[in-house]
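Each value in this text was obtained by applying a stated rule to the coordinates, not by laboratory testing. Note that the structure is a prediction, hence the values are computed from the model and not measured. Positions of Cβ are backbone-derived with ideal geometry, glycine not excepted, and every protein chain shown enters the neighbour counts.
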Amino acid sequence: MKRGKSLKRTMKLSCVISVIAVLGYFGFLHMKIQESIRQQIPENADYLMILGARVKGSVPSLSLQYRIDKAAEYLSANKHTVVIVSGGKGPGEDISEAKAMQQGLIAQGIEEARIMMEDKSTTTHENIVFSKELIPDTAASGLIVSSTGQSKRAKKEGLDMKGLPAKTPKVSLLKSYTREYLAIIKYYLTGLIGR
């Protein structure tokens, strides 16, 4: 009888410890995301990279529009910064995400000559890898524009970039943060196993 009670107590304690550990880890991940959002944004970066998001027909989704707006704001204030718009054409999209971003930036007064297009990628990983090929050889500093800050994934590809966080639509917050939590977990795990 005593042994049964002791086993139950041990199981309850293990469950409590596991829940606390999981909550603590997600708290740590959330802190890392917030750190990237609140970091000092350098002026006159050599280039910006805007990661793609959904386009509905030829109209940018709210998430993508926020990225376009944030990039346009930075580019207007930093006249020598060039921008790489990255994203291919997916299901339900009449134009590529890169084309939608290019059009959106031009509409806000950014010169077409400052915009480089990468329109083949279909994932965040491909966004970064394919865009890396367009970075000018003389470029020393870069920023990555995204909704929750994905500079860690860029770092994994050998790019030391700071994040320029755009607003995340309220309806997408849970999905965006969950995806970012999983991406950060993957980043740390691949770092541990050396791949």
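For the reader, a short list of remarks on this structure follows.
- With 21 Å as the limit on Cα-Cα distance, the pairs of K132/K167; K79/K120; K99/K132; K70/K162; K89/K162 that go past it are K132/K167; K79/K120; K89/K162.
- Seen from H80, the other residues with C-beta closer than 14 Å to its C-beta sum to a net charge of -1, counting Lys and Arg as +1 and Asp and Glu as -1.
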